[in-house]
Amino acid sequence: MSNPLVDMSKPDTIFCIGTNMTECHPVAATGIKKAVARGAKLIVADPRRIHLAEMAELYLPLRVGTDVALLLGMAHVIARDGLVDEAFVAERTRDAEEFLEHVEAFTPEWAEGICGVPAADIETAARWYAEADKGAIYYTLGITEHICGVDNVQSLCNLALMTGNIGREGTGINPMRGQNNIQGAGDAGALPNNYTGFQPVTDPENQAKFAKAYGHAVDLEKGMTKVTALELCGDAIRAMLIDGENTVVTDPDRKHCEHALRSLDHLVVIDIFLTETGKLADVVLPATAWAETDGVCTNTERRVQRLRAAVPPQGEARPDWWIVSEIAKRCGIPGFDYTSAQEVFDELCSLSATYNGLDWETIDRGEYQWPVPFKGHPGTPILHQGEFVNGRGLFKRIEYRDPAETVSEEYPVWLTTGRRLQSYHSRTQTGRSSGIDYLLPAETLEVHPDDVAAWGLVDGGRCRLSSPRGAVEITVRATRRSPRGTVFTSFSFDDTPVNFLTGSGYDPVTQTAELKVCPVRVEPLPERVSTSG
Amino acid sequence: MPLPTDDDLVARWKDEPAPLLPLLHAFHDRDGHLSDDALRAVSAGLRVPLADLYGTVTFYHHFARFPPGTSAPRVCTGQVCRFQGGLELLEALRKDGATPMPCAGRCDDAVPVLEGHTVKVGRTCETLEARSSPLPPPNPDGLEECVFAAIREPGRATLEGYRATGGYEGLAAAVAGAPETLLTTITDSGLAGRGGAGFPTGVKWRAVRDAAGGPKTVVCNADEGEPGCFKDRAIMDHDPHAVLEGMALAGYASGAHVGFVYLRYEYPETAAVLERAIREAEEAGVLGDDVLRSGFAFRVHVRRGAGAYICGEEGSLLNSLEGKHPFPRERPPFPVTHGYDDLPTVVNNVETLASAAQIARRGADWYRGLGLGEHAGTKVISLSGDVLRPGNYEVPFGFPLRTLLHDWAGGPGEGRTIQAVTMAGISGGFLAGDDLDVTLDEPAVRAKGSMLGAAGIMVFDDTRDMLEVAHACMEFFAHESCGKCFPCRIGTQRLTERLAGAAGPDALDGWSGEVRDIGAVMKATSACGLGMAAPLVTESLMRYWPERVAEHVESLS
Amino acid sequence: MTTHDHRTAEDAEALTARLTLDGVEVPFAPGETLLEVSRRHRKDVPTLCYDPRLDPFGGCRLCVVELEGSRNPVASCARAAEDGMVVRTTSETLEGYRKTLVEMVCSENRQVDVDPLSGYASQELRELADRYEARTGRFEGKRSGRSKQDDDNPFILRDYDQCISCYRCVRVCAEQEGDYAISVKGRGFDTQITVEFDGLLKDSACTFCGQCVQTCPTGALADRKALRHVDTPGEIEKTRTICTYCGVGCSVDVLTKGDTMVGVQPAMDGPANVGALCIKGQFAYDFVQHEERLKTPLVRGDDGELHPTTWEVALDKAAEGFVKARDEHGRHSIYAIASGRAPHEAAYTTQKFIRAGFWSNHVDNCSRA
């Protein structure tokens, strides 16, 4: 996020797109609710009529995968109606002229033809966002989990740059990170293109720095992404270490994923439960869980915070860092003689420009948001104040592209997936917490009531959902949250493994999977006689 | 004509100012009650959280959630009505689903029974009839009146009749001049709030004028819920244009262009009178976008309450108007800076506004001269109970109570003596014995440990059991306590229980100690006037009738 | 002390506005209430309806203070400090009122003592009853509130017999959580905390975030899940950490008795959440000590099945596979995926394992799915 969480209650106009925040980031959503209560305008773009949409003053029900069209239409209106923040554009950005020329073609009427949102509403949204003193954008995986995820994000950046809605309190471009330490995993260098603190591996200076730290020069080429690695399992990739990820359930195209992991010569999985992924491993190592582990995590607003152990580990479970270090030592790798999490973290800080001002003691009270480049630096709650990291903000000319697969006669229905408030990912945790079943005992497929009737389904009855990659059986739930022609379910429940269906395509830059769009066929099933398991 | 649909009703009200209450009333009127579906429709239509809406609806005792709802009669069992057959009438009407309601503001013409939008009056089922509310009795001494000066003129309630007797002349003169001139007149007149608080009206209007922010609003507090008070009803029924003129004056002086009359539910006919008067005035260009062709715009909307005494408290009233839970607001800030929608707002009582209309026409000196001694102006007293001629009497401030009771109202019935009176409706507790030798002005009454307030006075002759009366009064306070602050919510309940003999110590020391401690904490710490006033009932009970209290406590053991 | 208090304290030093507090002149920041100024100066002004995160309400009236020029004491929680005010936070009269009020409150409840596992603020009434020696049995009479016994949800106990109508639950649900699920039915002594149509929480707008539970000062709304551990031996200890679910990073206190995790409470001064949590952070914690936890290393045997083994064996086997792959297929044949769920130290060592061990950049994390 460019801005801190406390800013969420401050904007005059909030544009939420591709984020089901009240379910996926409920505590963050409280900030938006406060802003709305204060009188802020809330615009929500989402294919589904989610709770946030109900709260919105303007709801834009776009077809799945058409965000770029909507955003181009908005950019067109902002340019056409003279709502561009000229001073900001002149001082802080580059390539504006080409961009403004580029959007001339994309009228709201053109956008309506693709995304289905009435042109008048696109105009209103553009005006509210552009005219706001403080306009803020919030998004989540509904923006990134597309083949055009990067285009989507860039389109949002264009809007912020046009209107100067960045680098100030209550503005910004704010992706909400989905996992407690997904930000930290990147910060810590677990990326094929970056060392710790997002230092590119392709920069010889960084290479030299880490050669010194690690005792050997590391490749100047980027590594492969996880998606590519899974493609090459059994081929170029022969051995894999997976820490704390239930890859086969949460990743797209489960059949492919299982096959990939089975093809490895050697798979080591570190986890707190024997997951579906662990069951494919050669060695499974028990890690300490949350509340058993001392450590550090970084939240979505770049706040670096301490995790503390409250109870002793179950059985012989050990911290992940200890397990990895022990394997490394046995492989003869130097530099793994850590005796505490603190030593590991302090080493990480010493090697990261963004963390240089931090250490184990400094972060005790969670006051710092990175970058904290030196000791005594107050941290950086708001990014891009005064200047962008790379100097000027760059406008990008984006074109609309259809999703990897579009609906067809064989697969006439859009499936989009996501999460639910009461469950988390593959339910390894929430599924083992008592009481959750009271509220969410099973997964359902959300279908518009008219579609339920039109497709011969029964509310509460079973149906088969199929894509070119597989089929899943699931219970139907009639609800107007789903628009006609689009169905929704989460990927949380193992007995409805929807990721057997997904995996139609990947963003060419980030290789993020298009989990949000998957054409499917929905067919009624006769009543089940009994359920097992 | 087919009944309006949910969508029709929502569409009718959703873009109006202060839409929640009228929309709820629209459903309530259509269906006779507020069903779950109606609440869902209102919640969705006005984007009010359903739980809040549900909670708020249950706060008002006239909103029925289930049938028979409005088709069941409601019988006044207020203090005066229960002496005049109210309880028996209630029993007789139980067959029709009748339920009791607290004092419905018809103490000069008992017993009112509310049937839908009609008030019928009578002491038995057979004699119940719909009739217009009584005019103030003629002024016995021929003292010059302010509010009632022209109220008995035939046709005064119509625009034509009102103008024929000098109506809207004050407004015409005011809007022809600067607001400052009007402010000076009102301030110099010494007019002070007639709802009970006695705050100088001119100062209030000026404070709103000077307050930052807007739009500003005028609210006429016509939620006359105080037991034994019925003066505002008389003014509105018989002189509605005076109220509208007063509101327009307040608007012109303070810089407001919108006014609300917040009217108690129990006055349905009054609502119709006001609506008609507003229509007449707007059609004639007296109100509306161009008041008397001065360029000043002022519109008035009537909003009906739904049965909650606390909504006469201005913070609660404003919350109710805004569609919020009608709890009182913490003060400061006051409505002059943070009123309706948290913006500067004049909140005035009906009588104050009607007086302002007269003052605007006849001048500050005229008004000042009406009072006795140091006191400026007049006060309307709602007098009821054990006197021969109950009714609304306009007296000069400083007028002797005994003269009012005996000379004007004819004293108690044959062979009876006056044992006690209430003050400020019931909020001033009781006066009895020598303390009845008091003049009717705030300083004199306060010196007796009571207050004049909105000036409802109920009279009790020597046959009445004052402990029973005190219990009924406290039961009313407990029933009407909003529940926001602890001292009032628990205190009114505990005092009621102790007066009923339902709980509490059965020795006099313990009993009195608890009652005194509760009273002290209520008076000192309650969040609004209700909780501060309620203990005056027990205080005065113990002061005037210690033997009766002792007898009561003794009976508990 | 809340973070809010810290901030105003620092700001206040720079300001010229002053008031006299119990005879001492003190500075204050604009917008500070008399209660905030008093607490900042360690005045122990009692409250029951106050939660520093919520708008001033002025319900319990325990916080009344004497203000010179004011006939009645004023509710300090709702009164803004003004230059030149003279304020007394305690006096015999005030303490008398406070004692009476606490006695009155005690009289409406079934019991004053509730288990601290009920919730974060659950001991507030008990503590005041002790402080004012208010268990006198005075003011007895009808009890207020009626427990909602038919609500069998596993998380939130609705024991309204214990309710004192402070509306903290209503206000926290509206002002902090923004769900507006809780409201007040009826009025006066018959006031009842409720939800739409008096139904079950699961049929209402409630999201089970638990904020009502944590702000309740009497245990009327209580953490039913934690209360399962009332009889678990040991004192309750709290450990501050960060929630394990989404990326918001809410601060929580993990409650333990001995080695047993018994509950979670939000950190009222958590920088990202200021006392807020969601159903997952609040209630979905018992996976940690779930019987299915992986407790020993497993190694795949010749029979193709996973078998429990020792760390030594498992680690040797794990290392062996990587060494073999490197030796047979080259250093680029090894890949690692770090977790977005484990701490930095896990991700850092994982990437270092690849970079320092195999000099490649073949490492990623799970952010692409």
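The values are calculated or read from the model by the stated rules, or taken from the named source; none is laboratory data. Just so you know, these numbers come straight off a predicted model, no measurement behind them. Counting neighbours? That spans all protein chains shown, and the Cβs are built from the backbone with ideal geometry, glycine included.
Table for the structure above
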| item | result |
| --- | --- |
| Answer from A:Leu421, A:Leu501, A:Leu415 - the residue that is closer than 29 Å to A:Asp151 by Cα and touching an Asp or Glu at 6+ places or on another chain (Cβ under 6 Å) | A:Leu421 |
| Of all residues making up the stretch B:394-419, the number that are part of a loop (DSSP other than H, G, I, E, B) and within 17 Å of B:Phe230 (Cβ to Cβ) | 1 |
| Search result, residues across the stretch C:22-67 that are surrounded by fewer than 16 Cβ atoms within 10 Å (Cβ to Cβ) and part of a strand (DSSP E or B) | C:Val24, C:Glu25 |
| Among the candidates B:Gly97, B:Gly55, B:Gly105, residue that is under 17 Å from C:Asp198 (Cβ atoms) and in contact (Cβ under 8 Å) with a residue 12 or more places away in the chain | B:Gly55 |
| Hits in the stretch A:291-334 (condition: assigned to a helix (DSSP H, G or I), facing another protein chain (nearest Cβ under 7 Å) and more than 27 Å from the chain's Cα centre (by Cα)) | A:Ser325, A:Glu326, A:Ile327, A:Ala328, A:Arg330 |
| Filter pass, C:Arg300 being of a type in the set (D, E, K, R), over 30 Å from C:Gly178 (Cβ atoms) and at the interface with chain A (Cβ under 7 Å from one of its Cβ atoms) | yes |
| Residue that is farthest from the other protein chains (Cβ to nearest Cβ), among those in the stretch A:180-215 that are closer than 30 Å to A:Glu23 by Cβ and touching a residue at least 40 places away in the same chain (Cβ under 8 Å) | A:Phe198 |
| Failed item, numbered, when B:Leu541 is tested on (1) touching a residue at least 12 places away in the same chain (Cβ under 8 Å); (2) within 14 Å of chain C (Cβ to nearest Cβ) | (2) |
| Among residues of the stretch C:325-344, those that are surrounded by fewer than 24 Cβ atoms within 10 Å (Cβ to Cβ) and either facing another protein chain (nearest Cβ under 7 Å) or of a type outside the set (D, E, K, R) (or both), counted | 4 |
| Matching option when the condition is more than 9 Å from chain A (Cβ to nearest Cβ) and within 12 Å of the chain's Cα centre (by Cα), among C:Ala276, C:Ala267 | C:Ala267 |
| Sole residue being closer than 19 Å to A:Gly184 by Cα and either assigned by TED's automatic domain parsing to the domain that holds C:Thr215 or in contact with a Phe, Trp or Tyr (Cβ under 8 Å, 6 or more places away or on another chain) (or both), chosen from C:Gly234, C:Gly275, C:Gly249, C:Gly263 | C:Gly249 |
| Cβ pairs under 9 Å, 6+ apart, first in the stretch B:347-364 and on the phi > 0 side of the Ramachandran plot, second surrounded by fewer than 24 Cβ atoms within 10 Å (Cβ to Cβ) | B:Gly363/B:Asp188 |
| Residue that is farthest from C:Lys295 (Cα to Cα) [pool: residues in the stretch A:293-332 that are surrounded by fewer than 23 Cβ atoms within 10 Å (Cβ to Cβ) and of a type in the set (D, E, K, R)] | A:Arg306 |
| Sole residue being β-branched (Val, Ile, Thr), crowded, with 21+ Cβ neighbours inside 10 Å and more than 7 Å from chain C (Cβ to nearest Cβ), chosen from A:Val269, A:Val283 | A:Val269 |
| All positions within the stretch C:68-86 that are buried (at least 16 other Cβ atoms within 10 Å of the Cβ), in a loop (DSSP other than H, G, I, E, B) and within 8 Å of chain B (Cβ to nearest Cβ) | C:Pro73, C:Ala78, C:Arg79 |
| Hey, B:Arg361 surrounded by fewer than 24 Cβ atoms within 10 Å (Cβ to Cβ), of a type in the set (Lys, Arg) and over 12 Å from B:Gly246 (Cα atoms) or not | no |
| Checking C:Ala284 against (1) of a type in the set (A, V, I, L, M); (2) more than 7 Å from every other protein chain (Cβ to nearest Cβ); (3) closer than 30 Å to C:Ile156 by Cα, the condition it does not meet | (2) |
| Among the candidates B:Ala502, B:Ala520, B:Ala507, B:Ala478, residue that is within 14 Å of chain C (Cβ to nearest Cβ), hydrophobic (A, V, I, L, M, F, W, C) and free of Cβ contacts under 8 Å to residues at least 12 places away in the same chain | B:Ala502 |
| Selection count, the stretch A:348-362, where residues are in contact (Cβ under 8 Å) with a residue 60 or more places away in the chain and either facing chain C (nearest Cβ under 10 Å) or crowded, with 22+ Cβ neighbours inside 10 Å (or both) | 4 |
| Helices (runs of 4 or more DSSP H) completely within the stretch A:23-140 that count 1 or more residues being within 14 Å of chain C (Cβ to nearest Cβ) and within 22 Å of the chain's Cα centre (by Cα) | A:26-38, A:51-55 |
| Considering residues of the stretch B:98-117 that are over 20 Å from B:Ser382 (Cβ atoms) and modelled with pLDDT under 95 only, the residue surrounded by the fewest Cβ atoms within 10 Å (Cβ to Cβ) | B:His117 |
| Residue ID - farthest from B:Leu114 (Cα to Cα), chosen from residues in the stretch B:271-288 that are free of Cβ contacts under 8 Å to residues at least 60 places away in the same chain, part of a helix (DSSP H, G or I) and touching a helix residue (DSSP H, G or I) at 6+ places or on another chain (Cβ under 7 Å) | B:Ile278 |
| Some residue of the stretch C:92-105 being surrounded by 22 or more Cβ atoms within 10 Å (Cβ to Cβ) and more than 25 Å from C:Arg135 (Cβ to Cβ) | no |
| So B:Cys220, is it modelled with pLDDT of 95 or more and closer than 28 Å to B:Arg293 by Cα | yes |
| Residues located in the stretch A:233-272, provided they are in a loop (DSSP other than H, G, I, E, B), hydrophobic (A, V, I, L, M, F, W, C) and over 26 Å from A:Leu141 (Cα atoms) | A:Ala236, A:Leu264 |
| Answer from A:Thr510, A:Thr496, A:Thr502, A:Thr489 - the residue that is in contact (Cβ under 8 Å) with a residue 40 or more places away in the chain, over 20 Å from A:Arg48 (Cβ atoms) and either among the hydroxyl-bearing types (Ser, Thr, Tyr) or not assigned by TED's automatic domain parsing to the domain that holds A:Ser426 (or both) | A:Thr510 |
